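Scroll down for the structure; my scribbles are underneath it.
Only the coordinates and a few stated rules stand behind these numbers; no lab work does. These numbers were taken from a predicted model, which means no experiment stands behind them. With ideal geometry, Cβ positions are generated from the backbone for all residues, glycine too; neighbour counts draw on all protein chains shown.
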Amino acid sequence: MSTLTVPAPCVTPTPTPTTKPPKHIEDPTIWHPTGDIILACHLPPTSPLHLFRVHALLLSLHSPVLRDMLSAPHHGPKSHSHPRPRQMHAGVPVYYFKNVHPGVLGVMLSHMYNPTYAPLPLSLKSY
């Protein structure tokens with residue numbers, strides 16, 4: 001006696017989204033593996049968090065505001081003028097900036113790492 005095998009019905013699975021939007025994006029041009037801090041921002045707030053891994057020393061040399069922020073004690077009441085690192089990512093502290101567009105922060109950091117950097121367009125109005 002032979003057994004008859006019935007092929008399984010051809011069923012097309014219901015399509016489901018397999019990829020979710022990223023929660024964060026590590027900037028490909030300003031992500032230095034030896035960087036000791038990460039600056040994070042996003043605008044609008046619904047967009048993914050944009051991460052820049054940079055060197056605290058370089059930022060401190062270029063900006064007294066960033067130097068004060070990085071040298072401020074990270075305990076006690078929260079100061080609005082000095083963001084504190086709230087968490088770690090890739091083994092380094094993350095500093096969050098509210099209401100800062102990643103394009104603006106990226107241009108500023110690009111100038112710090114390469115003073116001859118000239119973005120196109122030269123106007124920040126598009127940010």
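Worth pointing out:
- A Förster radius of 30 Å combined with the Cβ-Cβ distance from Ser71 to Ser47 puts the calculated FRET efficiency at roughly 0.50.
- Sequence-ordered 3J(HN,Hα) estimates for the stretch 32-38 from the Karplus curve with 6.51, -1.76 and 1.60 and θ = phi - 60° stand at 9, x, 8, x, 10, 9, 10 Hz, glycine and proline given as x.
- Computed over the stretch 18-67, Cα set: Rg, Dmax in Å: 13.0, 45
- Spin-label pair Ser60/Lys23, simplified geometry with 7 Å Cα→Cβ offset, distance in nm: 3.1
- Förster radius 30 Å - calculated FRET efficiency between Tyr96 and Tyr117 (Cβ-Cβ, nearest 0.05): 0.80
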